[in-house]
Amino acid sequence: MLEPLDSRQKRQLKSLAQKLDATVMVSKAGLTDSFIAGLSNELERHELVKVKFVNHKDTKRELAPQMADRTSSHFVWMIGQVAVFYRQNADAEKRRIKFE
């Protein structure tokens, strides 16, 4: 079970996410195992990842929490067709985001 993010942490993550480009796209295939593996790899590399809904826009609010569950990450927020996810790197030396 993930430790919930407090409002201060969410604010910091939202601020950091504004500078990022979406690196993962939800396409026609949806939440396939390979899509989830790709998202998980991006989270491992970057900790904070933007996902753009190219397809499945009408179900994005239902899909985003599923994506977080399947990648053991936090669903931080959604704006327009973009969702933001965060997963702290297990290796303390590789962590990019330090909470203030």
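Since every read-out is calculated from the coordinates, none of them should be taken as a lab result. This one's a predicted model, so the numbers in the text were calculated from it and none came from an experiment. Note that each Cβ is placed from the backbone with ideal geometry, even for glycine, and that neighbours are counted across all protein chains shown.
Odds and ends about this structure:
- Highest GNM mean-square fluctuation among S15, S27, S40, for the chain modelled with Cα contacts below 10 Å: S15.
- Listed residue (A29, T59, G80) projecting farthest to the positive dipole end of the range 7-88, Cβ model: G80
- Reported label for calculated Rg and Dmax of the Cα atoms in Å given (i) 33.7, 108; (ii) 12.8, 39; (iii) 25.4, 96: (ii)
- Within a Gaussian network of the chain (alpha carbon springs, distance under 10 Å), most fluctuating of Q66, Q88, Q18: Q18
- Selected from L20, L63, L43 as most flexible by GNM, with the chain as the system and alpha-carbon contacts under 10 Å: L20
- A Cβ-based charge dipole, computed about the Cα centre of the chain with Lys and Arg at +1 and Asp and Glu at -1, lands at about 380 debye.
- Under 5 Å between amide hydrogens, built in the peptide plane, is the criterion, and for H74 it picks out Y86, R87 among residues at least 5 positions away or on other chains.
- Cross-link pairs exceeding 24 Å in C-alpha to C-alpha distance, out of K19/K52; K10/K52; K60/K98; K14/K57; K19/K98, comprise K60/K98.
- Ordered by the count of other Cβ atoms within 10 Å of each Cβ, fewest first, V24, V84 give V24, V84.
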